[in-house]
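Just passing along the structure, written as structure tokens.
The values are calculated or read from the model by the stated rules, or taken from the named source; none is laboratory data. Keep in mind it's a predicted model, so treat the numbers as computed, not measured. Cβ atoms come from the backbone with ideal geometry, glycine included; neighbour counts cover every protein chain shown. For the accessible areas, the whole protein counts, side chains as well, though only heavy atoms, and no ligand, DNA or RNA atoms are used. Shrake-Rupley method; radii C 1.70, N 1.55, O 1.52, S 1.80 Å.
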Amino acid sequence: MKTVAKLLVEHKAKYFLRELENELSEFKASKKLLKEIDEAYQHHFLEMCFSGLQQRKQFSHRNADLMIEDWMNLTGLLQYLQKNYREDWVAIHDIIQLNLKEELMNVHYDIHN
């Protein structure tokens, strides 16, 4: 059985980063922002923050939000957004969170079904 981190990394290039690139295109989000997100989306960080997903039979949006906030703080992505995208960091944060939450819900479904 694959781990949460492996599934997230597998879907990164196919879905997650493409969707983010499309949704962030309306902002002054540069390729550097996508690179920062990609670097934060490393197997090590994903494993540290989302591995508990495998043991949860039920998973809520609240659980996903808490895990994502931990991931953003651990990787320094939240601080990066606040520092470099002062006017748009909340909207960018919300786009990342919404897309990652969807990925987590899909991975949870894949693991438990």
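Between D38, D94, D65, find the one with the highest GNM mean-square fluctuation for the chain; connect C-alpha pairs within less than 10 Å.
Highest fluctuation of the listed residues: D94.
To continue, here is another question. Enter the accessible area per residue of the chain (Å², integer; probe 1.4 Å; all protein chains in place). All intermediate terms of the calculation are to be shown ahead of the outcome.
On the way: 6730 Å² over 113 residues.
I get 60 Å² per residue for the chain.
Round to a whole angstrom and tell me the spacing of the C-alpha centers of segment 1-48 and segment 64-104.
With segment 1-48 and segment 64-104 each reduced to a Cα centre, they are spaced 11 Å.
Same structure, new question: Going through segment 1-90, which chymotrypsin sites (Phe, Trp or Tyr not before Pro) have at most 15 other Cβ atoms within 10 Å and a DSSP loop state?
Numbers: sites: Y15, F16, F27, Y41, F45, F50, F59, W71, Y80, Y85, W89; in loops: F27, Y41, F59, Y85.
Sites meeting the loop and neighbour criteria: F27.
Can you pull the percent of segment 1-52's accessible area that's carbon plus sulfur, 1.4 Å probe, other chains left in place?
52
Right, next: How high is the relative contact order of the chain, given as a whole-number percent (alpha carbon pairs under 8 Å, six or more residues apart)? Please report the intermediate quantities before stating the final value.
On the way: 82 pairs, mean separation 46.6, N = 113.
Across the chain, relative contact order equals 41 percent.
Could you name the lysines whose alpha carbon sits less than 30 Å from that of K57, not counting residues in the same chain fewer than 8 places away?
By straight Cα distance, K57 reaches K2, K6, K12, K14, K101.
Computing the accessible area with a 1.4 Å probe over protein heavy atoms, can you report the carbon and sulfur percentage for segment 58-112?
Whole-percent figure for carbon plus sulfur exposure: 47.
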